[in-house]
């Protein structure tokens with residue numbers, strides 16, 4: 001399956017097509033034409049069936065739309081799960097969950113609550129010189145990752 005900008009292309013070798021006879025009133029052609037279709041996507045096992053129209057071609061096109069819709073939903077769920085993993089360590093946006101505190105009066109201090117790094121050079125930080133905060137956070141993350149690896153090895 002190939003997803004290109006919200007359009008899904010399904011190779012023919014990934015599909016199993018079954019043509020069925022539609023039930024219901026059909027006049028002279030009842031049980032003579034196989035207009036219903038069942039499509040099975042082999043890699044995922046998704047099965048869709050369409051028997052809305054008398055035309056096999058229209059039913060196949062409708063079944064392909066339904067199959068592509070289901071595959072698109074699965075891809076979207078995978079992407080959402082990946083994004084959720086990336087944002088899992090992100091805390092809630094609420095009072096008391098801030099990363100840094102900026103105190104400008106009565107004294108001047110900026111403190112990073114994750115790493116406990118602090119500086120009194122408020123004007124420089126507010127002008128964009130935050131390299132020290134970035135460096136302290138990268139050290140903090142490296143130490144945290146190292147501790148996690150040690151606990152995994154200990155188990």
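At-a-glance table
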quantity	calculated
Cβ-derived FRET efficiency at R0 35 Å, residue 19 paired with residue 94, nearest 0.05	0.05
Helix-only CD estimate at 222 nm, as mean residue ellipticity for the chain, using -39500 (n - 2.57) per DSSP H run (n ≥ 4)	-13500 deg cm²/dmol
P(r), alpha carbons of the stretch 103-150 - 10 Å bins starting at zero, rounded %	25, 45, 20, 9, 1
Exposure proxy order (Cβ contacts within 10 Å, fewest to most) of 67, 109	109, 67
Rounded tilt (10° steps) of 131-154 against the dominant C-alpha axis of the chain	60 degrees
Residue 72-residue 101 pseudo-label distance in nm [points 7 Å out on the Cα-to-Cβ vector]	5.0 nm
Relative contact order of the chain, defined on C-alpha pairs under 8 angstrom at six or more residues apart (%)	10 percent
Candidates 36, 84, 94, ranked by Gaussian network fluctuation over the chain, Cα under 10 Å, top entry	94
Stretchable slack from residue 144 to residue 114, in nm (0.36 nm times residue separation minus alpha-carbon distance)	9.7 nm
Among (i) 45, 39, 31; (ii) 104, 44, 30; (iii) 93, 42, 26, the entry that matches Cα extents along the principal axes in Å as calculated here	(iii)
Residues 119, 151, 33 arranged by fewest to most Cβ contacts within 10 Å	151, 33, 119
0 to 90° range, to nearest 10: angle between helix 56-86 axis and the chain longest Cα axis	10 degrees
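Every number in this text was worked out from the coordinates using simple rules, so none of it is lab data. No experiment lies behind these values; they were computed from the predicted model shown. Note that we place each Cβ from the backbone using ideal geometry, even for glycine, and neighbour counts take in every protein chain shown.
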